[in-house]
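Report on one structure; see the data block that follows.
The values are calculated or read from the model by the stated rules, or taken from the named source; none is laboratory data. As the structure is a prediction and not an experimental result, all values here were calculated from the model. Neighbour counts are summed over all protein chains in view; Cβ atoms, including those assigned to glycine, are modelled from backbone coordinates with ideal geometry. When the accessible area is computed, the model is the full protein with side chains, heavy atoms only, and any ligands, DNA or RNA have been set aside. Shrake-Rupley method; radii C 1.70, N 1.55, O 1.52, S 1.80 Å.
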Amino acid sequence: MTVETQDRVRQVVREQYGNVAKGTTQSCAPGCCAVAPSASLALGYSEADLAAVPEGSNLGLGCGNPQTLASLRAGETVLDLGSGAGFDCFLAANQVGATGKVIGVDMTAEMVSKARENAARLEQRNVEFRLGEIEHLPLEDRSVDVILSNCVINLSPDKPAVFREAFRVLRSGGRLAISDVVRLGELPEALAQDVSALTGCVAGAASVQDLERFLTEVGFEGVRVEVNQASKEFIRDWMPGSGVEEFVASASIQATKPGEAKCCEPSCCGGTKA
Ligand SMILES: C[S@@+](CC[C@H](N)C(=O)[O-])C[C@H]1O[C@@H](n2cnc3c(N)ncnc32)[C@H](O)[C@@H]1O
């Protein structure tokens, strides 16, 4: 894909999620966008999670729950790729606490504004949102302990670049905890060419094998991509009657950057950071 085509894909995606953030589309189905916030319960979030975040931060745009993969600890620095209105960032912020920090990156200006408005209503000031592309992260090398992402990397036209950037910004021993859509087989041509299927987290999904290869080639170890077979239940509703659930599924994606992780026990947190 040429650089120009990649930019066109990002532009279409940006327009779509800009409209979601502004609320100018009531329903942007098909796909992962603008399903009711309560749909998050089917993804593994609890009622307590939904109650713990500022109103308006959960737009129901996820396809899994990366928090359950991340095992976040107090004091850690967390990056959320494609943070939307901030839902996973706010949950992560509660877990890493005042000694930790959460950074959300999203390329859609309206989403970043919405997330910042939501953050302004919090007492805790350990979350910030940056405008940027996940293929060109606005973060320093080796500055992050954990990377979360929920239903975003499928939308990227350059997935190897996303993982190269993730590797760059992670500290040694840092980990990826990602929920995303994966492709199970060849999409029918009509679906593959459907722009709304692209922006709706279907047509851009990579296969499990490709994701494993991208991650391994970049240098990650402990790569695991696990398909959630039960996701058929909610993916069927993304494009009812299309049979889309036969072609894509939600998956948990985990990997680690080689090296020793930063110690975050009270006795040593703030010590050497690789
Ligand atoms: C399906 S929504 C998920 C939002 C959020 N993770 C959640 O679960 O609520 C996808 C988000 O990723 C952002 N996004 C898509 N492609 C991106 C890219 N290449 N770089 C940065 N952000 C991107 C969109 O602007 C949108 O906010």
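Looking across the stretch 128-161, the residues that are within 9 Å of the ligand (Cβ to nearest atom) and closer than 21 Å to Asn228 by Cβ come down to Leu148, Ser149, Asn150, Cys151, Val152, Ile153, Asn154, Leu155, Ser156.
Given the structure, is Val102 open to solvent by less than 40 Å² (accessible area, probe 1.4 Å), outside any helix (DSSP H, G or I) and either in contact (Cβ under 8 Å) with a residue 24 or more places away in the chain or within 11 Å of the ligand (Cβ to nearest atom) (or both)? I'd like the intermediate steps shown before the answer.
Working: open to solvent by less than 40 Å² (accessible area, probe 1.4 Å): yes; outside any helix (DSSP H, G or I): yes; either in contact (Cβ under 8 Å) with a residue 24 or more places away in the chain or within 11 Å of the ligand (Cβ to nearest atom) (or both): yes.
Considered against the rule, which asks whether it is open to solvent by less than 40 Å² (accessible area, probe 1.4 Å), outside any helix (DSSP H, G or I) and either in contact (Cβ under 8 Å) with a residue 24 or more places away in the chain or within 11 Å of the ligand (Cβ to nearest atom) (or both), Val102 comes out as yes.
Residues are listed down the side, and each one gets a yes or a no for (1) in contact with a Lys or Arg (Cβ under 9 Å, 6 or more places away or on another chain); (2) at pLDDT 95 or above; (3) of a type outside the set (D, E, K, R):
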residue	(1), (2), (3)
Ser27	no, no, yes
Pro37	no, no, yes
Gly44	no, no, yes
Glu47	no, no, no
Ala51	no, no, yes
Gly56	yes, no, yes
Gly60	no, no, yes
Asn65	no, yes, yes
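How many of the residues in the stretch 164-175 are surrounded by 20 or more Cβ atoms within 10 Å (Cβ to Cβ), within 15 Å of the ligand (Cβ to nearest atom) and of a type in the set (D, E, K, R)? Residues flagged as surrounded by 20 or more Cβ atoms within 10 Å (Cβ to Cβ), within 15 Å of the ligand (Cβ to nearest atom) and of a type in the set (D, E, K, R) within the stretch 164-175 amount to 1. Scanning the stretch 133-163 for residues that are surrounded by fewer than 17 Cβ atoms within 10 Å (Cβ to Cβ) and more than 24 Å from Ala74 (Cα to Cα) yields His136, Pro160. Listed conditions (1) in contact (Cβ under 8 Å) with a residue 60 or more places away in the chain; (2) open to solvent by less than 20 Å² (accessible area, probe 1.4 Å); (3) closer than 18 Å to Ser252 by Cβ are all met by Tyr45, apart from (1).
I'm checking my understanding of the structure. Among residues of the stretch 82-99 that are aliphatic (A, V, I, L, M) and either surrounded by fewer than 24 Cβ atoms within 10 Å (Cβ to Cβ) or part of a helix (DSSP H, G or I) (or both), which one is farthest from the ligand (Cβ to nearest atom)? Walk me through it before giving the result.
Our first condition is that a residue be aliphatic (A, V, I, L, M); within the stretch 82-99, this holds for 85, 91-93, 96, 98.
Then keep just the ones that are either surrounded by fewer than 24 Cβ atoms within 10 Å (Cβ to Cβ) or part of a helix (DSSP H, G or I) (or both); that gives 91-93, 96, 98.
Numbers: Leu91: 11, Ala92: 12, Ala93: 15, Val96: 17, Ala98: 24 Å.
Taking the candidates together, the pick is Ala98.
Screening the stretch 173-255 for helices (runs of 4 or more DSSP H) wholly inside it with 3 or more residues that are at pLDDT 95 or above and under 14 Å from Val162 (Cα atoms) returns the ranges 208-218.
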